[in-house]
Structure formats: C-alpha cells, structure tokens
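What follows is a set of notes on a single structure, which appears directly below.
The values are calculated or read from the model by the stated rules, or taken from the named source; none is laboratory data. What you see is a predicted model, and the numbers here were worked out from it, not measured in a lab. FYI the Cβ positions are ideal-geometry reconstructions off the backbone, even for glycines, and counts take in every protein chain you see.
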C-alpha cells in the first residue's frame with residue numbers, strides 16, 4: 001500500500017502497482033502532485049518487478065559529434081553553429097577514427113555518433129564514414145544519427161525514408177539514439193526550434209527503423225516551455241509507438257540546461273522535478289523495459305538516487321560529451337564511482353551493451369582496469385575536443 005500519499009495519488013499508484021496501464025489524465029495528476037516519496041516508492045517497486053535481477057547496469061561509450069554545423073535553429077541548444085559561423089567544424093576522418101580507437105582501448109563497445117544538420121553532405125558521405133568505422137572496428141556498435149539527422153538526410157538527398165535507413169544500415173549503422181525528441185508536441189517544438197523535424201516525422205523515423213528490425217532509445221528534454229500535460233502527451237506517443245513496434249530499448253529523460261542558450265532566462269528545473277518526472281515515466285511507460293539515470297545533468301548523488309526512483313541503468317561512462325557541456329553543465333564520474341553508486345544500493349554493478357545484454361566479464365574487467373580513476377569527459381583524452 002502507498003498509505004502516505006493523498007487519496008487521488010494513492011489510487012493511481014495502487015493501479016500502477018497492480019500492473020494496470022495509466023491514462024494520460026492519471027499521469028498528469030501524478031506530475032501535478034508533490035507526493036515525491038510515494039511516487040518514487042511506487043516507481044521503484046515497478047522497476048524491481050520489471051528487473052528482479054541482482055544487478056544494475058552501465059555502459060562504456062563515447063559521444064562523438066562529427067560536426068556542430070547545423071541549419072536548424074534551436075533556442076535551447078548551446079552546441080550548434082550556423083553554416084556561416086567561424087566556429088563550425090567537421091571532424092577530420094583520422095581524428096574521428098582515433099576517437100573510436102581510444103574508446104575501444106578504454107573498454108568501450110559502442111560510439112554515439114551525432115552531429116548537426118549539415119547542409120552540404122550527401123548520403124554517400126555518411127555511408128563512407130560508417131564504412132570507415134566498421135572496417136577499422138568491426139565489433140563496435142554505431143549508435144548513430146538521431147531522427148532529426150535522418151529526416152534531414154531524406155530532404156537533402158530527395159530520397160524516401162526507408163531507402164535512407166536501408167543504406168545506412170548496410171553501411172554499418174547499428175542502432176538509433178532518441179535525440180532530438182525534446183517534447184513530442186508540435187506546439188512546443190514550434191516555439192523552441194525552427195527548421196527541425198516535426199513530432200510525426202520523428203516518430204516515423206523510429207517506426208520505419210523498428211519495422212526493419214532495428215532498435216533505438218527514446219528521450220525527453222523537459223523543464224522549458226512545455227506544460228505537464230504535454231510531458232504526458234510525449235510519453236503517450238512513445239508508449240503508443242512501442243505498442244506498435246516494440247523497438248525502444250530504453251527511455252532517458254533530463255532537465256533542460258539553460259546556460260549559454262537563447263533561453264538562458266528559463267528557471268532551471270531542479271532535482272525534485274527530475275526525480276518526479278523519472279518516476280512517473282517508469283509508471284507510465286509500462287512497455288519500455290529500461291530507464292536510464294541522467295547523472296550527467298543531475299550529478300552523482302541524484303544520479304544514484306534515480307536508481308530507486310524507477311531507473312535500472314546508470315547510463316554511460318561517457319568518455320566524451322560536448323552538447324550538455326556547452327550549456328555549462330559538466331558532471332564527471334569515474335567508472336569506479338559509477339560502480340560504487342550501484343553497489344552502495346545493494347546491487348551488483350555490471351557493464352552492458354546497447355541491447356542491455358551483459359558484456360563479457362573480460363571486457364568489463366578491462367574497462368575497470370584501464371579507466372582506473374580517470375574522470376569521464378576528460379579533456380586530455382583526445383587533442384581535439386569541441
């Protein structure tokens with residue numbers, strides 16, 4: 001029983017604990033409440049039911065942003081540069097491959113490959129990039145090209161979506177990250193961004209990819225211009241698509257980081273709001289198996305607390321991260337700190353891959369040994385950091 005909560009909230013939480021699907025109105029009621037402890041306790045119970053295993057997981061990968069040049073104008077983004085900016089860059093191929101090599105040396109098995117919406121590159125440029133990576137590092141999964149990028153490829157190349165995805169997969173694309181979702185409500189998207197993918201087109205990229213047999217993650221960036229009802233509408237759209245395709249492996253949410261953006265006067269959402277949103281997501285998204293902690297934006301302690309508010313995964317060691325860092329939010333953890341965050345809660349820390357399968361113990365031991373006490377996002381890892 002969830003006795004401490006207000007009656008309306010308690011009834012909704014009991015419903016979720018019974019395994020019944022929550023409605024949009026019930027999700028909004030939870031977000032409107034301040035019964036954080038009760039909501040978190042229910043989310044933890046649901047998470048433990050979905051993940052009765054004695055371990056909690058993390059990943060070792062690297063965010064490689066191959067370009068910051070972008071034709072979209074996103075008021076919330078401190079990372080992008082317009083096509084005419086002197087601060088725009090495109091990573092030389094040898095530098096990109098060096099970053100992948102270093103990731104492998106540090107025990108990583110995946111790279112997160114994302115960039116801006118570059119106006120000039122055709123699809124064969126991206127295919128060659130994928131082929132170069134897979135040729136040199138055949139066992140590395142390329143978790144690449146968020147839906148805004150892929151939709152952009154269809155427009156630049158005047159090609160249908162399914163053809164673009166087939167060609168990218170043939171060239172080596174392994175899975176698709178859920179970036180660029182922000183809030184999947186067009187009113188919100190129209191207010192904070194211009195020249196970027198719509199809600200329906202974001203979802204359609206994922207739909208087509210899933211129906212090809214591909215997997216992807218899903219995300220939410222909240223705490224800006226959206227209403228609580230629009231947050232739940234976002235969750236509803238993800239849940240509906242998951243009912244249809246089953247291709248989402250995970251959901252990751254984080255709070256908008258306003259510093260150094262055009263929306264810098266937006267009051268930042270705090271840890272209370274983050275934990276409540278995470279917990280409600282666990283209760284509402286009954287068909288997405290994994291929820292990640294966002295310690296990168298929340299810091300170590302709240303990142304750890306997320307594991308008892310519905311998350312079952314600590315996310316990535318993140319050897320390199322540029323986008324959130326440009327907004328002035330940079331939290332560093334060593335691999336041992338990530339593992340300690342898990343073990344302090346009574347779980348075994350285990351390294352996983354993109355499919356949420358545990359990696360070979362030898363690879364896990366290598367990652368622990370070679371990373372040692374080195375912090376994530378270490379600026380000395382690679383000479384070119386942007």
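Structure notes:
- Listed by first and then second residue, the pairs with beta-carbon distance under 8 Å, at least 6 apart or on different chains, first residue in segment 154-165 and free of Cβ contacts under 8 Å to residues at least 40 places away in the same chain, second surrounded by fewer than 16 Cβ atoms within 10 Å (Cβ to Cβ), are 154/160; 156/119; 156/122; 157/122.
- Some residue of segment 259-274 being assigned to a helix (DSSP H, G or I) and buried (at least 19 other Cβ atoms within 10 Å of the Cβ): yes
- Considering segment 122-140, the residues that are under 24 Å from the mean Cα position of the chain (by Cα) and loosely packed, with under 12 Cβ neighbours inside 10 Å include one that is modelled with the highest pLDDT, namely 138.
- Set side by side, the residues 245, 199 differ, and just one is more than 16 Å from the chain's Cα centre (by Cα), closer than 25 Å to residue 20 by Cα and either crowded, with 22+ Cβ neighbours inside 10 Å or modelled with pLDDT of 95 or more (or both), which is 245.
- Within segment 348-367, tally of residues that are modelled with pLDDT of 90 or more and touching a helix residue (DSSP H, G or I) at 6+ places or on another chain (Cβ under 9 Å): 6
- Hey, residue 133 touching a strand residue (DSSP E or B) at 6+ places or on another chain (Cβ under 9 Å), assigned to a helix (DSSP H, G or I) and within 30 Å of residue 360 (Cβ to Cβ) or not: yes
- All positions within segment 153-181 that are at pLDDT 95 or above and not in a helix (DSSP H, G or I): 158, 159, 160, 172, 173, 174, 175, 176, 177, 178, 181
- Flag if residue 214 is farther than 19 Å from residue 269 by Cα and in contact (Cβ under 8 Å) with a residue 24 or more places away in the chain: yes
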